[in-house]
Structure formats: structure tokens, C-alpha cells
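Visitor: Take a look at the following structure, please.
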Amino acid sequence: MRKLKNSELKRLSIEEFKESNKTPLIVILDNIRSLNNIGSVFRTCDAFLIEKIYLCGITAKPPHKDIHKT
């Protein structure tokens, strides 16, 4: 078994993602202490082409060595 390439998964390239229409939705993370949850929210927002993510309070922000992939 081999790892599939982005083109095989029909994912957008970085350029296509930057130029694509975003979902007019803003996600606000306020005092989220779990670094796993922060990473998960970023990946979810990426998948749904969310327009913006705001991090408030004590929420860690990327790049951060402790934000893990769940």
C-alpha cells in the first residue's frame, strides 16, 4: 500500500485554495487550552474553506510545537 498524492485525492493545490471562494463564516476560539482541539479546528476549517479563524485569550497559536494532530 502506498501513500496517495494530493492530486489523487482530488485536493486543491495551495494556489487553488488561496484563490477559491471561502465559506463566509468566522470561527472564534476563546481560551481553548487543548492544543489537540486547536489543531483539529484548524484542519476542520481548512476542509470546509472557512473564511477566518480568530484566536483569543490564552489560546495557543500556530506555529506551536505542542499543537498536535489528533
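Visitor: Scan (1) at pLDDT 90 or above; (2) in a helix (DSSP H, G or I); (3) surrounded by fewer than 12 Cβ atoms within 10 Å (Cβ to Cβ) for the single condition V41 breaks and write down its number.
Guide: (3)
Visitor: Would you check if T23 is of a type outside the set (F, W, Y), out of contact with any Ser or Thr (no Cβ under 8 Å at 6 or more places or on another chain) and at pLDDT 85 or above?
Guide: Details: of a type outside the set (F, W, Y): yes; out of contact with any Ser or Thr (no Cβ under 8 Å at 6 or more places or on another chain): yes; at pLDDT 85 or above: yes.
Yes: the conditions hold for T23.
Visitor: Among the residues of the stretch 44-60, count how many are closer than 24 Å to R11 by Cβ and either out of contact with any helix residue (DSSP H, G or I) (no Cβ under 7 Å at 6 or more places or on another chain) or loosely packed, with under 12 Cβ neighbours inside 10 Å (or both).
Guide: Our first condition is that a residue be closer than 24 Å to R11 by Cβ; within the stretch 44-60, this holds for 44-53.
Right, trim to either out of contact with any helix residue (DSSP H, G or I) (no Cβ under 7 Å at 6 or more places or on another chain) or loosely packed, with under 12 Cβ neighbours inside 10 Å (or both) and you get 44-52.
So the answer is 9.
Visitor: Here's something else I'd like to know. May I ask you to verify whether R33 is under 21 Å from S7 (Cα atoms) and either modelled with pLDDT under 90 or small (G, A, S) (or both)?
Guide: On the way: under 21 Å from S7 (Cα atoms): no; either modelled with pLDDT under 90 or small (G, A, S) (or both): yes.
No: the conditions fail for R33.
Visitor: Pairs please, first residue from the stretch 1-29 and without any contact (Cβ under 8 Å) to a residue 24 or more places away in the chain and more than 15 Å from D46 (Cα to Cα), second anywhere and surrounded by 12 or more Cβ atoms within 10 Å (Cβ to Cβ) and not aliphatic (A, V, I, L, M), Cβ atoms under 6 Å, 6+ apart in sequence or on different chains.
Guide: Final answer for the pair search is none.
Visitor: Here's a follow-up. Given the criterion assigned to a loop (DSSP other than H, G, I, E, B) and surrounded by 12 or more Cβ atoms within 10 Å (Cβ to Cβ), identify the matching residue among R11, R33. Spell out how you get there, then give the answer.
Guide: On the way: R33 fails: surrounded by 12 or more Cβ atoms within 10 Å (Cβ to Cβ).
Answer to the selection: R11.
The values are calculated or read from the model by the stated rules, or taken from the named source; none is laboratory data. Predicted, not measured: the structure shown is a model, and the values here were computed from it. Glycine also receives a Cβ, built like all others from the backbone with ideal geometry; neighbour counts cover every protein chain displayed.
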